[in-house]
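Structure record follows, encoded as structure tokens.
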Amino acid sequence: MNKIAVCPGSFDPITNGHLDIITRAAKVFDVLYVAVLNNSSKKSLFDVEERIYLMEQVTKHLPNVRVESASGLLVDYAKEKEADVIVRGLRAISDFEYEMQITSMNRVLDDHIETFFIMTSSQYSFLSSSIVKEVAQYNGNIAELVPPVVHQALLDKLGIQEK
Ligand code: ADP
């Protein structure tokens, strides 16, 4: 039986921290759906098509990863994909409370779906899409924090000439 998992997130934009989690999850599951969330309550820098394009570019070497957009309840999306696992990354204690709340709610909604957490690699423990956008906005060096295609997309989006 195929082990199918969903890795959801805003990925606005994808960072090396996300990519690390996706790469490691792709080794464990037969099929990994990366669900790029189209969440209207969160204002994003990149629209969902741009986030999907960037995600496809940086995961194209991973044959069992499928990138899609998703909206609505995550458990409904997971069911539609016949996935019984949701994969999330964990950085610091600060992630814990939020993840605990979402995981508990998802379990109430559908107790056949388990959430698995992958601990961040230490070099990415401080890394988030928000911090990358903030540093990029002031022309700080983000080359080590995001894949090259994302780096270029950020410079273009923010209208910044590389130093
Ligand atoms: P969301 O808006 O749903 O929190 P994000 O795109 O910010 O989505 O993150 C998606 C997932 O990736 C979350 O589980 C988050 O904790 C995880 N994540 C984000 N940055 C990192 C990182 N540097 N290391 C490990 N996991 C991360």
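The values are calculated or read from the model by the stated rules, or taken from the named source; none is laboratory data. Model, not experiment: these values are computed from the prediction. All Cβ positions, even for glycine, are placed from backbone atoms using ideal geometry, and neighbour counts span all protein chains on display. Ligands, DNA and RNA are stripped out before the accessible areas are found, and what is left, the full protein with its side chains, is counted by its heavy atoms. Shrake-Rupley method; radii C 1.70, N 1.55, O 1.52, S 1.80 Å.
Find the relative contact order for the range 15-92 and round it to a whole percent, using C-alpha pairs within less than 8 Å whose residues are 6+ positions apart.
Working: 60 pairs, mean separation 28.5, N = 78.
Relative contact order for the range 15-92 comes out at 37 percent.
Hey, got a sec? Which trypsin sites (Lys or Arg not before Pro) in the range 53-89 land in a DSSP loop and have at most 15 other Cβ atoms within 10 Å?
Passing sites in the range 53-89 are Lys60.
Helix check for the chain. Which DSSP H runs span at least 24 Å along their own axis by Cα, with a mean Kyte-Doolittle hydropathy no less than -1.0? Don't skip to the answer; put the middle values down first.
On the way: long enough: 93-109 (25 Å, -0.12).
Helices passing the filter in the chain: 93-109.
When Lys and Arg each count +1 and Asp and Glu each count -1, what net charge do the other residues less than 12 Å away from Ala25, Cβ to Cβ, add up to? If you can, show how the numbers build up before the last one.
Values: positive: Lys3, Arg24, Lys27, Arg88; negative: Asp20, Asp30.
Value of the local net charge: +2.
Normalised by the residues of the chain, what does the relative contact order come to in percent, with Cα pairs under 8 Å and at least six apart? Walk me through the intermediate numbers first.
Numbers: 234 pairs, mean separation 46.0, N = 163.
This gives 28 percent for the chain.
Can you give the Rg and Dmax of the range 72-121 based on its C-alpha atoms, in angstrom?
Gyration radius and largest Cα-Cα distance of the range 72-121: 11.2, 32 Å.
List the pairs from Lys42/Lys133; Lys60/Lys81; Lys3/Lys60 whose alpha-carbon separation is above 18 Å, in the order I gave them. Can you show the working numbers first?
Working: Lys42/Lys133 15 Å; Lys60/Lys81 20 Å; Lys3/Lys60 20 Å.
Lys60/Lys81; Lys3/Lys60, as the Cα separations exceed 18 Å there.
For the range 1-40, just say rounded, prolate or oblate: build the C-alpha gyration tensor, square-root its eigenvalues into a ≥ b ≥ c, call rounded for a/c under 1.5, and beyond that prolate if a/b exceeds b/c, oblate if not.
Values: a/c = 4.68, a/b = 1.48, b/c = 3.17.
Taking the square roots of the gyration eigenvalues as a ≥ b ≥ c, the range 1-40 is oblate.
Which whole-number value in Å² is the accessible area per residue of the range 4-125, probe 1.4 Å? Walk me through the intermediate numbers first.
Values: 6660 Å² over 122 residues.
Dividing the accessible area of the range 4-125 by its residue count gives 55 Å².
Keeping the other protein chains in place, figure out the carbon and sulfur percent of the accessible area of the range 99-163, with a 1.4 Å probe. All intermediate terms of the calculation are to be shown ahead of the outcome.
Numbers: 2290 of 4240 Å².
Whole-percent figure for carbon plus sulfur exposure: 54.
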